[in-house]
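I have placed the structure first, in the form of structure tokens, so that the comments after it can refer back to it.
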Amino acid sequence: MGPIEAVGNQYVVSRRIYSEDSFKDDHAKLHRYHKTFFDHLRLYFSCSAEKAKKIALTFFPIASWLPMYQIKEWLFGDIVSGISTGLVAVLQGLAFALLVNVTPGYGLYAAFFPVIIYFFFGTSRHISVGPFPVLSLMVGTAVLRLAPGDPTNNSTEAITALNNERVAIAASVTVLAGIFQLALGLLQVGFIVIYLSDSLISGFTTAAAIHVLISQLKFILGLSIDAYSGPLSLFYTLRDIFTNITETNIADLVTSIIIMVVVFAVKEINDRFKAKIPVPIPIEVIMTVIATGVSYAFNFQNKYGVDIVGTLEKGFQPPAAPRLSVFQECIADGFSIGIVGFAIGFSVAKVYSIKHDYVIDGNQELVAFGLSNIFGGCFKGFAASTSLSRSAVQESTGGKTQVAGLLSAIIVMIVTLAIGFLLEPLQKSVLAALVVINLKGMLMQFNEIPNLFRKDKYDCVVWVVTFLAAVLLGLDLGLAAGVGFELLTVVFRTQFPKCSQVANVGGSNVYKNRKDYKEIYEPEGVKIFRCPSPIFFANIDFFKDKLKAAAGFNPLRVLRKRNKALRKIKKLISKGELQITPKGLICTSYDYKDSDDEELDNNRIEELDQPLNKADIPFDIDWNADLPNKIMVPKVDIHSLIIDFGAVSFLDMSGMKGLKGVLKEFIKIEVDVYIAGMDDNLLDKLERCGFFDDTITTSMIFLSVHDAVLHVLVKKELNSLSKLKEIKEKETGFYADENKNGSTGHKEYSLTVSSQL
């Protein structure tokens, strides 16, 4: 191989034309040893002090960052951030408990215990772990399915029993989701989140926001209606709301509207002037304090009949074991909650890790969320992930590490242990209004539809289908339907890839789609075909059809026509009806019709699929020339077919079988076939599976399309010189025979000379 020379912005490479065989021969000594499966297994189970330390730091990330904590630089920011985030976490915990259909006090548990566990096991420094509306609603769906409706009587005992039952179900579902997360994390399969694309998560969370919005209308309007779960539950809830709209509690409605207008306006001010305001105005906390004071001062509960938070128990309840019966009923719910919770938490964590330039570990995040939910569920909390709004508060107020998260948990603990009773007069409609305001970001995702349509129509369809499925079928079935449809789009993309014919651009080694450029170079008689997709059982027929369309003919049909024509020519020769003269061929029989061999075509189809022997024919046949007696055979205007495998990542057994079959079809009609740019792993797999034989050999494999093209040009040039030499020798022999015998005699006469490159 020659040196690589750089001249200005150009480069010149001098080397020989490489097929895979010739490249391996030249570089056999430079080939590296590849580790086997047993080598990796041995390395995985090996033990050393360094490896033990790495594992310990992986499972306990706090041990890596806490000793390096910069007290002077970080502590003040973490304190301010922790207090701000803790106040928001208290309100969101109370509010999101309404989505779970449990009493608001249990929302404080969900805002406390998961934060403590994540502090030790999480790898993100900025996310605020705790309740998230989508997860809360998913847990609430399972709760309503297993403990539906209201008690048959309004006695305190019946209401308490129903509430305790729902708390136990919510806690058990949360533990189950945590078990799934922990198992996936320990098995190192954090990559499972890749099956939830951004468009799918966006469509799903937008649908969840619609569910949350509808579920909070009954609190905003002060209506007492049944709760529904399952398919079309959203529409049943809307039906009941409109049916009972005349019973709206005006006090709840007016309070909710005031809260939403003021909070929305101040949040907009915070967003617009965030560069000038050092700490965002805690408008949610302010309005909650005001609403609580007004409700208490004017006795809204007795005077207007509003529904309030009610008694908040002081302290934490003792842990309780989850119910195995709930595990059996809610396996699908637990898995979907675990996956969605991790996907949302990891996506938010990834945003802040990129912004602040540090690394997060997806598998360890699964472990952290799993342990957080298991621990929180055992203490009667419900599923936790992270909230974008709460995490934004923690990061924007100066939070540097999870010390801020720990301080926010302490704020929640103070409220739970000491001052929670102050929130008892708070209207549930206020909490519902805060929930609705926090949906703004998710509802604004509708704006993504036009952008997705312009950028990628498949992603746009995934968004719409996931949204509609989640709205119509419910969140659990909707998520499953969305994932299924998303995977189906992957099948569509690979089953119907945009295959193309490529050609040389600029007279260099660059090959692009011939439709995209005006001035291209295509060697005469050469077709270059590119398939940008894996080749497997679902698209092998599509691949073969596209390959034949690029070639311009069906090789099997051409072979059959040639065999039929060859039989007819042999028959004419045997009957003496085809005479060979120096001026050409003279046929004395009737005109040949394609239908004459129809019976042969039907009865001996397998024989026609194999090339017939031409050794007993005293001349060469050019199938692209006019044949005697008007015998018609499809013209083949190519002599070489190059298939670009640069974008083919794998072949399954069906793909190998189909590929081998179609390659042999072209070879049978004397079209040279080459494969270029094949990955080494794919080539090794073909060799292991016995893909190569006497017809399909590794000499057909070239390193690049340019290598294959140059090989074809050299080969055709050599063949042209050989043919010209052969013709001259035949003509010399004929005239010598003529001079010797004094007659024209007979000579082997080629119908025409094959077209030259």
Margin query: Per DSSP helix of 4 or more residues, -39500 (n - 2.57); summed, then divided by the residues of the chain. What does that give at 222 nm, rounded to the nearest 500?
Written below: -18500 deg cm²/dmol
Check: How far is the Cα center of the range 420-497 from the Cα center of the range 659-718, in Å?
Finding: 48 Å
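Can you give the Kirkwood hydrodynamic radius for the range 222-339, in Å, rounded to one decimal and based on Cα pairs? The partial results should precede the final answer.
Details: mean 1/r = 0.0528 Å⁻¹.
With all distinct Cα pairs of the range 222-339 included, I get 18.9 Å.
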Next item on the list: Sum up the charges of everything whose Cβ sits under 12 Å from the Cβ of C531, counting Lys and Arg as +1 and Asp and Glu as -1, but leave C531 out.
Entry: +2
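Leaving ligands and nucleic acids out of the surface, order K457, K518, K218 by accessible area at 1.4 Å, largest first. Don't skip to the end; give the middle numbers.
Working: K457 115, K518 200, K218 40 Å².
From most accessible down to least: K518, K457, K218.
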Checklist line | D357 accessible area, 1.4 Å probe, all protein chains in place, Å² to nearest 10 | finding: 140 Å²
Margin query: Heavy atoms only, 1.4 Å probe, whole protein assembly: order Y118, Y511 by accessible area, highest first.
Written below: Y511, Y118
Checklist line | Average accessible area per residue (Å²) across the chain - probe 1.4 Å, nucleic acids and ligands excluded | finding: 51 Å²
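For the range 285-426, what is Rg from Cα atoms divided by 2.2 N^0.38 Å, rounded to two decimals? Please report the intermediate quantities before stating the final value.
Values: Rg = 18.8 Å, N = 142, 2.2 N^0.38 = 14.5 Å.
Ratio of Rg to 2.2 N^0.38 Å for the range 285-426: 1.30.
Holding the Cα-Cα limit at 22 Å, pick out from K267/K440; K548/K685; K274/K440; K518/K635; K630/K664 the pairs that are longer than that.
Working: K267/K440 11 Å; K548/K685 25 Å; K274/K440 18 Å; K518/K635 27 Å; K630/K664 29 Å.
Those over the limit are K548/K685; K518/K635; K630/K664.
Are there any trypsin sites (Lys or Arg not before Pro) in the range 260-310 that are in a DSSP loop and have at most 15 other Cβ atoms within 10 Å? List them by number.
Working: sites: K267, R272, K274, K276, K303; in loops: K274, K276.
Qualifying residues, ordered by number: K274, K276.
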Notebook entry, point to check: Restricting the count to DSSP beta bridges whose residues both fall in the chain, what percent are antiparallel, rounded to a multiple of 5?
Noted result: 60 percent
Next item on the list: Would you kindly find the accessible area of K544, with a 1.4 Å probe and non-protein molecules such as ligands, DNA and RNA excluded, rounding to the nearest 10 Å²?
Entry: 50 Å²
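Largest first, how would F59, F529 line up by accessible area (1.4 Å probe)?
Working: F59 70, F529 5 Å².
Ranked from most to least accessible, the order is F59, F529.
Does the range 275-362 come out rounded, prolate or oblate, given a ≥ b ≥ c as the square roots of the eigenvalues of its C-alpha gyration tensor, rounded meaning a/c under 1.5 and, failing that, prolate meaning a/b above b/c? Show your work: numbers first, answer last.
Numbers: a/c = 2.85, a/b = 1.22, b/c = 2.35.
Cα axes put the range 275-362 in the oblate bin.
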Checklist line | Cα-based shape type of the range 145-296, given that a ≥ b ≥ c are square roots of the gyration tensor eigenvalues and the cut on a/c is 1.5 | finding: oblate
Check: When all protein chains stay in place, what accessible area (Å², nearest 10, 1.4 Å probe) is found for W65?
Finding: 40 Å²
Next item on the list: Mind grabbing the base-10 log of I(q)/I(0) for the chain at q = 0.10, 0.11, 0.12 Å⁻¹? Debye formula, identical points on the C-alpha positions, no solvent, two decimal places.
Entry: -1.02, -1.15, -1.29
Check: Can you run phi through the Karplus equation (6.51, -1.76, 1.60; θ = phi - 60°) for the range 436-443 and list ³J(HN,Hα) in whole Hz, with x for Gly and Pro?
Finding: 4, 4, 6, 7, 3, x, 6, 5
Checklist line | Gyration tensor (Cα) of the range 474-519, equivalent ellipsoid semi-axes in angstrom | finding: 42, 9, 8
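Can you give me the % of accessible surface on the chain that is carbon or sulfur? Probe 1.4 Å, all protein chains present, nothing else counted.
60 percent
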Check: Each residue of the range 206-219 in order: what ³J(HN,Hα) in whole Hz does its phi give by Karplus 6.51 cos²θ - 1.76 cosθ + 1.60, θ = phi - 60°, with x for Gly and Pro?
Finding: 5, 5, 4, 4, 5, 4, 4, 4, 5, 5, 8, 5, 5, 6
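The values are calculated or read from the model by the stated rules, or taken from the named source; none is laboratory data. All of these numbers come straight from a predicted model, not from anything done at the bench. Counting neighbours? That spans all protein chains shown, and the Cβs are built from the backbone with ideal geometry, glycine included. Surface accessibility is based on the protein's heavy atoms, side chains included, excluding ligands, DNA and RNA. Shrake-Rupley method; radii C 1.70, N 1.55, O 1.52, S 1.80 Å.
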